[in-house]
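J.: Take this structure, written in structure tokens, and hold onto it; I'll ask about it next.
The values are calculated or read from the model by the stated rules, or taken from the named source; none is laboratory data. This structure is a prediction, so every number in the text was calculated from the model and none was measured. Cβ: placed from backbone, ideal geometry, glycine included. Neighbour counts: every protein chain shown. Just so you know, the surface numbers come from the protein's heavy atoms only, side chains and all, with ligands and any DNA or RNA stripped out. Shrake-Rupley method; radii C 1.70, N 1.55, O 1.52, S 1.80 Å.
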Amino acid sequence: MIAIIDYDAGNIKSVEKAMHYLGQEVEITRDQERILAADKVILPGVGAFGDAMEKIRQYDLEDVIRQVVDRGTPFLGICLGLQLLFEESEESPGAKGLGILKGRIRRIPGGEGLKIPHMGWNTLELSGNGRLFRGVPEEPFVYFVHSYYLEAEEEEIVKAVTWYGTKIHASVEKGNVFACQFHPEKSSSTGLLMLKNFVEL
């Protein structure tokens, strides 16, 4: 069973639909026991960093997420779910993230011809043989919607980057923890292949 963590932060249904398409049993839940019983766990998310962390703490999910990670259960953060795994964000000064991975979330710098939020399809540059990208063609197109981006402290965990006004760490992998700034569930067959790779870990 794959648990999708429900903490009132959006894009859950599209992730659920993609998992059903891949033939997976899915449970949308904030029940701690169900999350801990899952074979894999997904943390989706759309919205503001500080508000999302408040919700995670309100629903007593912070320790559960840490337990899932510590147990070695495959864990996937998507979009805001990636950002929450890190320490802090310029979007919400003073708000502490989960801090499971080291790095900061910064605002995408505006520039001539660049609209913020960054919304649409962008090419990824893959590196480091990320397990999510097995069988994925070179320079895949994926779908982004975000105004803030990851600057990871550990370069070796970065498995894909993209460029939009600056270099964006678009996907990371460390042990059993995986995360994507883009939306694999909205990235056509390429994104579904990434999700299938996660399912098959």
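J.: Among what's in region 1-47 and is over 23 Å from residue 63 (Cα atoms) and out of contact with any strand residue (DSSP E or B) (no Cβ under 8 Å at 6 or more places or on another chain), pick the residue that is least open to solvent (accessible area, probe 1.4 Å).
T.: Ranking the qualifying residues of region 1-47, first place goes to 18.
J.: List the strands (runs of 3 or more DSSP E) inside region 121-180, counting only whole elements, that have at least 1 residues being of a type in the set (Gly, Ala, Ser), within 13 Å of the chain's Cα centre (by Cα) and within 14 Å of residue 194 (Cβ to Cβ).
T.: In region 121-180, 158-163, 167-174, 177-180 are the strands (runs of 3 or more DSSP E) which contain 1 or more residues that are of a type in the set (Gly, Ala, Ser), within 13 Å of the chain's Cα centre (by Cα) and within 14 Å of residue 194 (Cβ to Cβ).
J.: Additional query: Criterion first (touching a residue at least 60 places away in the same chain (Cβ under 8 Å), closer than 24 Å to residue 175 by Cα and surrounded by 21 or more Cβ atoms within 10 Å (Cβ to Cβ)) does residue 56 satisfy it?
T.: No, not satisfied.
J.: Further question: Of everything in region 41-53, what is free of Cβ contacts under 8 Å to residues at least 40 places away in the same chain and more than 16 Å from residue 3 (Cβ to Cβ)? Give them in sequence order.
T.: Scanning region 41-53 gives a single hit, 47.
J.: Please specify each residue of region 2-52 satisfying the condition of being of a type in the set (Asp, Glu), within 17 Å of the chain's Cα centre (by Cα) and at pLDDT 95 or above.
T.: Those that are of a type in the set (Asp, Glu), within 17 Å of the chain's Cα centre (by Cα) and at pLDDT 95 or above: 6, 16, 51.
J.: Looking for something under 15 Å from residue 78 (Cβ atoms), in contact with a Pro (Cβ under 6 Å, 6 or more places away or on another chain) and among the small types (Gly, Ala, Ser) - is there at least one such residue anywhere in region 184-194?
T.: yes
J.: What are the residues in region 187-201 that are assigned to a loop (DSSP other than H, G, I, E, B) and touching a residue at least 40 places away in the same chain (Cβ under 8 Å), if any?
T.: 187, 201
J.: State which residue pairs qualify: first residue free of Cβ contacts under 8 Å to residues at least 24 places away in the same chain and among the basic types (Lys, Arg) and inside region 157-186, second residue open to solvent by less than 30 Å² (accessible area, probe 1.4 Å) and assigned to a strand (DSSP E or B) in any location, beta carbons under 8 Å apart, and separation of 6 or more residues or different chains.
T.: 167/161
J.: Go through 124, 82 for me and flag whichever is at pLDDT 95 or above and in contact with a Cys (Cβ under 8 Å, 6 or more places away or on another chain).
T.: Result of the check over 124, 82: 82.
J.: Here is a further query. For region 63-86, indicate whether the set of residues that are among the hydrophobic types (A, V, I, L, M, F, W, C), more than 18 Å from residue 175 (Cα to Cα) and under 18 Å from the mean Cα position of the chain (by Cα) is non-empty.
T.: yes
Yes/no matrix, rows are residues, columns are (1) closer than 25 Å to residue 68 by Cβ; (2) of a type in the set (Gly, Ala, Ser):
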residue	(1), (2)
110	no, yes
136	no, no
140	no, no
153	yes, no
180	yes, no
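J.: Could you list, in sequence order, all residues of region 98-137 that are among the small types (Gly, Ala, Ser), open to solvent by 30 Å² or more (accessible area, probe 1.4 Å) and touching a residue at least 60 places away in the same chain (Cβ under 8 Å)?
T.: Listed by number, the list holds a single entry, 135.
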